Structure formats: structure tokens, C-alpha cells
1. Given a 1.4 Å probe and every protein chain left where it sits, what share in percent of the accessible area of the stretch 70-157 is carbon and sulfur?
2. Quick check on my link table: of Lys389/Lys480; Lys56/Lys260; Lys82/Lys629; Lys347/Lys494; Lys56/Lys562, which ones sit more than 22 Å apart, alpha carbon to alpha carbon?
3. With a ≥ b ≥ c taken as the square roots of the eigenvalues of the C-alpha gyration tensor of the chain, please select rounded if a/c is under 1.5 and otherwise prolate if a/b is larger than b/c or oblate if it is not?
4. Give me the 1.4 Å probe accessible area per residue for the stretch 294-423, excluding ligands and nucleic acids, in Å².
5. Would you calculate the separation in nanometres between label points at Glu628 and Arg672, each defined as 7 Å from the Cα along the Cα-to-beta-carbon direction?
6. How do the peptides 724-731, 642-649, 389-396 rank, highest first, by the average count of neighbouring beta carbon atoms within 10 Å per residue?
7. Sort 228-236, 707-715 by packing, meaning the average of other beta carbons within 10 Å per residue, with the highest value first.
8. If you wrap the stretch 199-319's Cα atoms in a convex hull and average its projection over all directions, what's the area in nm²?
Amino acid sequence: MSASNRLCAGASAFVIIAAAFAGQVQAQTQANAPVAPQSGNEAPTTVDQIVVTATKRTESLQNVPIVVTTVGRRLLQDTGVKDIKDLSLLTPGLLVTSTTSESSTTARIRGIGTVGDNPGLESSVGVVIDGVYRSRNGVGFGDLGDVSQIEVLKGPQSTLFGKSTSAGVINIITAAPSFKFGASAEFTASNYGGYGGSVEVTGPLVGDVLAGSLYFADRQRGGYFNVNDGPGPNTATKDTNRDYYTVRGQLLYEPNDNVKARFIADYSHRNENCCIAVMTRSGPSTALIEALGGTDGNASDPYARNAYANRPDGQVVDDGGVSLQVDYKLPSLNASITSITAFRDWKTKGGFDADFSTADIDYLPNDNSNSTQFRTFSQELRFAGTSGKLDYMVGGFYSHENLANNTSIRVGSQFDTYLSLLFSSLVEGTPDPNFLKTGLTFPYVGGVNYNSGDGSIDQYRQNDDTYAIFTNETLHITDKLEITGGVRFTDDSKSLNQYSTNVGGGAGCAAGNEAFALLPPGVAHALAAIDNTLCLPFLSPGYNNFTNHQSESENEFSGTAKIVYRFNPQILGYASYSRGYKAGGFNLDRVQCTIGEPGCAPGSAAAITPIRDTGFPGEFVDAYEVGEKATLFDRKLLLNVALFDQIYTGFQLNTFTGLVFVVESIPEVTSRGVDADFVWLPMKNLSFQGGLTVADTRFSKNSYASIIANDPQFLGTPGERISFAPLYSASFAATYTLDLSDKYMSRLNVGVKYSSKYNTGSDLDPGKEQSAYALVNARVAFGPRDEHWAVEVWAENLFNQNYQQVAFDSGFQNVPTNATGVLDAFLGAPRTYGVTFRAKY
């Protein structure tokens, strides 16, 4: 859909809904009078007005014995939060990164999260939008629309939110339709040629029984990176742009005081050139790229954002779904029944230049041969109520997920020549200077024999059925003392069918194996490296017309126990234990033995024999927490502090070695530290919010031997902190509203996020370390006090802080070892700034 068609669609939607509301509006006696904002639009004036649904009940934040960072609608708007990546600015201990596409987005809390882009690994941080669980973090990435509140729950939440919430939950609550007519619009223009906006209408459709709302947004922006595409076929000169639209419609049905039903339908579409990496460390192979007439960048200045790719990259993401939540009150029982039914269909496709250079070495085709699709049906049913001193909840959950994953890796036209140079350097110490002059190939192996376009074609089809029953009860022993117990039983069953084959039949691997005897004495050190490269899984003839079926089932308990004591009306203390669970699964990748390991000799049949069992077990966490929640200074200050100790067993680690992905189960990872959050409302027009997370998250010393055994290229030391785990993470936001006159006001907001240093590579290569940094966002708004319109000037990453999201070993360039090979990185966004105009009726 073109930009003009999208604009017409949004305008048409606005007109249709507005016309439908017109009759209702005209019937009102004060139709032209300004509509008072919903309570959710206004910032709280006392901290006890902050309510959350962290326990699937609506209650004051200060009564919930969980570490929760809550961000309301006003602060979300003032800081420009539009997706979960933006949210990290406001949440200490939350780190969100993305790699080859925005759909490869990973959230981490207290240093714990799913590592890598393999869709076979479930999330450690669950994303829940309007009560519907999104199966992967990337599936939950997108424009969030009109959001009432976001709650970040830290620590395992498996009792109420289910599997794959072993590190926490991001709980997003969007605005429901209103029975008062209202309309709002926003338009933004920014640097990098950015422009876009949104429009929303809401109001009654049938008296005070049925209300509706419609939201539409369209946003575009040029790319951050200049692209040198060399000889092509890539034609893009910019990368990491933005081009998407989203539409979201809702109906709210309230026939009486006891019944409420909310239906939501949404769809979004992205079509972007994203995301490209740049070189941050050069290595011996840099000279080989240049010998081919190519270039892969300047490691001394990656933040010039000059990227290199002769093959196109791109992402097309389609995400849509429907949900129906029905709440039925039972006044005679002082209870209620809640049902949430949902179906979602999410698909992404796209490829990229895997060597990130203008040489034509290897790539992933930018088409349906590289795609991932999740189709998920879910049903949750809860019965909750109060009987005397007991608050109770029992429920059941079911989901059926179909995952279709297609992967294809191909070699380029210069693959043979590049490997010849590479192998020569491994054998002789330096490339043979006569190769390019004479047209000779690698003399010791009889030639690298791959044709351009040779490579893998893999199709994975996985079904996942999850059944769960759960209960959570709180007994109020006295007015001050209460205890809570909860348990969840989960049955998770997965089945996987794989079909793989090769373009070219893996002939290059066979040719290489036939000539190993020609290697001269004294070069055995190069043998394993050569065979590992020529017979990589994506080039292996063992996968010609290969089929495989796997299945697994897990039956696990998770749960929680808490004790809460209110010392006085201002201070609450609690201690808790939680058992969390993240489901196991299958590595959706080709797996072979590593040349040089016992039983895996170069040129042997075992070296090209697929490993059929690619499963990995579930991940578990035992978490202990002691905390206090203080409401001070006449309810103007919220100060919450908690100590936590989390012990993960079977921690799922996915590592890219520069050639293959390795999934392993780490015996033990620990995360210990303190979380502190505050909200201070010293006066009506001034507010502060922030927090500090100190999380010492590291591999236990007894895990080191296991890591090295599965990944000899691991460069960490025993007991070292794991990747993406800063010791310190702090956030701060301040908002001040200045009354300029009886009619006009100005609102100023500043947000800061600080992270201490951390490593961005799962192999803990010191070259992948990100030093400490701080990001600053700022916004100044001007408009009438009734907020019918406003003009905002804003900047994100105000001081243009340079930082990398993820660093990784460049494909086929990690020679002679990962420690000295070329490193590439996906960089964080540079400074952006712009102007936003808002109008509201």
C-alpha cells in the first residue's frame, strides 16, 4: 500500500467513524462543549492513585508485593515512547536490543533474556498486550497506539502469566473506547526526512451500551546509514529507515453493571530496509576483502554510519489479530469471571548481506526463503473473588501455536576466490600474492568448488500446544498481615518437522574432502579450520533432501509464596519466593559435530552427518526477594526498594560463532542485587520518576567447563558476568508544567537512562564490550491549558551518544580465531529531533 493510499485509508476511517458518532454527538445537549479528559489522561496527583494489574486484579501499586515499574499515559507521551525499545529509557534494569531486523528484538530484565535470533527459543521476558501473551519479543514490537499504562514486572511471573516469563513481564494496557465522543490527531516531522502521524476517534455507538474507537498511524523516516552497495545487485543507498502503518479498532459493550465485553482488532505492516551492521574491529581477512576489490568499512570510525553491502537487506512484517475479553460479575458471590480469547498472525520475511561488505561472499536472499510466521490461538479463563478474609483466583489457559520458519543461506560469486585466499593465509601465514594475478585457486585443496547461489534451503514447521491450570490466593490474617500462595501446572508439547536440501548439492564440501591428502607436512593446524568452513552445515551434503521429525513434552510446576506485613499506613514490607519456568524447545538450525572433536575427523562421514536431536531442556529459576514499599510526605513520595537473589538452572544460551549458531544449556546463572524505584510529586505541576537497578548477573564458576565444552570459542572467564548484563542501570524523568497565562501553558520533560559497561556478545569477547553510557531525551510542549492543541519540540538521544546494541563475529572473517577476527555491530540510534503537533477534541 502506497503512502497516499495509506493516508486516504486513515482519513476515510476517520470520516466514517466520525459520521457514525455525529448522530450521538448532536443528541447531546452540550455537544460543542469541551470534553473532560478521562482520568487516565491526567497524571496522578498523589502516588496512591497509581494502580496496576500485576496480579490480574486492579489494586494500588503500593499494595502489590512485586517490583513493578509503572509508566502512565502522560509520561509515555512526554518521553515519546511508541514501542518497547523506547520503554527502556524509563525502566531501570530493562535493556531492549535488535539485530538483523526490528522483528529480532530481545528484552532483558536484570541481565536475563533470550540470546540470539533463533525462533526456536522462547522469550525470557513476556510481552502481554491487553491480556494477550505475545509468543516472542519481536512479535510484540510495534507502534503501541493509545496506551493507558505500561507495567514492567521484574523477576519470574510464571504463576499468573505462564511459561516464558522467567525474567519478568512487560504488561501493556491500551485505552478502551469511551462513552464520550472524542477525537485526537498528531503529526510529527523529524530529521532524516521523518514524517508521520496518527488519528483516533472514540465515542458511543448505541447510547451508553456500545462504544467504539478507531486508531490509525502512519510513520516514515529515511535511513540512519549511508550504504555503499558496490557492484550490486543492491541499489539502496540508505539503511535502517522507517516505513509502517497500523490500524486498531475496538468495541466496548456494557449492557449492564455486571457485564463488560471488549473486542479488539488490529493490523500493522512494515516494509523497511533494516538492519545493517558496520565493522568495529578489523582483522586479517580485511586485506582479503580488499584484494577482491571490496571494502567492509573503517573500524576506527563506525559511528560515521557508512555501511557496505552489495546484497539487499529488508524486512516486511505483517502483524494482525483479534481478541475478545468478557468480564462477568457475580455480585451474590462477590466474584467475577474473566474470559480472554485471542488469535494472532505475525509474519516477517527478509534477508541481508551476511558479510556486510561490497565483496560478494555470502548472503540471505531477501524473499520468502527467509521468513518466520507465528499463528497463535489462546484462551484464558479466570474465576476470582473474595470470601471473608480470602482473595482467591483459579484459572486455566490454553494456546496453540503454529511456527513456520524458512531459512536460506547462499554463497556469492566471489566465495570461491575469497576462501582460496583465506585458506592460503591459514596454511602459509599470508595470502599467496599470485592468486589474483594468475587466476589460480587454493593449490593444496584442489580448488574451492562452489557456484554463486549454492547454499541451503531449510523449512521448519513446529506446533506447540500449551495447557495450564493455576491458582493464586491471598489470606488477610489481620489488618496488617497477609500471606499469598500460588501454583501453576503447565503441560507444553512441541512437535517439529524439518525438510532441508541444498542448491548445488554440497559439491564443494565433497571436492575439498577428496584433496586433504595433498596438504603438505606441517599444516595440520589448518585442516580443521578448512574442513569446518568448506563443510559448514549450510554447505553440507549431509542435508541433501534431509527430513527429520522431533517431539518433546514438558510437565512442570511453577509457583510463588509471599508474606506481607503493613507496619503502618505508610510502610509495607514483604518477602517472597517464586519458581519460574521457561519452556524448552528445538534449535531451528542445522547442527553437525565440530571438526576436531572426538569422533569428528576432517573428511570423515561423521563430519557431514546431521545431528537429529536438536532439542534443549527447559530453563528454571528460583527467586527470593525481600522488599519494602513506602508512601511518604502526605502521599507525595513513593519509594520502593527490594533485594533479590535469582538462581537460574538450565539457562538457554544461543551463540553465533561467526559460522554457526550453538545452543547450549548452562548449568547455572545467578542474578543478585537491588531494585529501587521512586515517584515524587512535590507539587501539582512538577513530577519526578526514576529508579536504580544493581544486578550482578553472572555464570556460576562451575558452569565454565560446560560452556567451553560446547563452545570452544567462548572467551569469557570463570564466574564472569553474562552478556547484556550491566551492573548498574538507572533511569530518571522529570516533568514540569509552567503556566504562562490564564489560557496557555508549557510543559518540559527530560528523561535519562544510564547503563554501566556490559558485553554485547554471548561469547564474552572483550572486543564486544560496550562502555558505560547515558541517553538523554527532552521535550518542550506549548499550547492552551485545555490541551485542545499543542506544539512540541523534542530530541531523542539529545547528546548523540554512540553505543552498540549487539556486536558479533563477521561471517567467514573470524580468522585465525574469534579473538582476532573481524567484528561487526548493530549500532544504537543516533540523535533524532523534530516537531510534533497535537489536536484533541
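1. Using a 1.4 Å probe with all protein chains present, the stretch 70-157 comes out at 45 percent carbon and sulfur.
2. Going by Cα-Cα distance, Lys82/Lys629 fall outside the 22 Å limit.
3. Details: a/c = 1.91, a/b = 1.59, b/c = 1.20.
Since a/c reaches 1.5 and a/b is larger than b/c, the shape of the chain is classed as prolate.
4. Details: 4660 Å² over 130 residues.
That works out to 36 Å² for each residue.
5. Going from the Glu628 label point to the Arg672 one covers 2.2 nm.
6. Descending mean neighbour count gives 724-731, 642-649, 389-396.
7. Values: 228-236: 15.6, 707-715: 17.1.
Highest mean packing first, the order is 707-715, 228-236.
8. On the way: hull surface 44.1 nm².
That works out to 11.0 nm².
The values are calculated or read from the model by the stated rules, or taken from the named source; none is laboratory data. What you see is a predicted model; the values in this text were computed from it and never measured. Heads up, the Cβs are rebuilt from the backbone with ideal geometry, glycines too, and the neighbour counts pull from every protein chain shown. All accessible areas refer to the heavy atoms of the entire protein, side chains included, with ligands and DNA or RNA removed. Shrake-Rupley method; radii C 1.70, N 1.55, O 1.52, S 1.80 Å.
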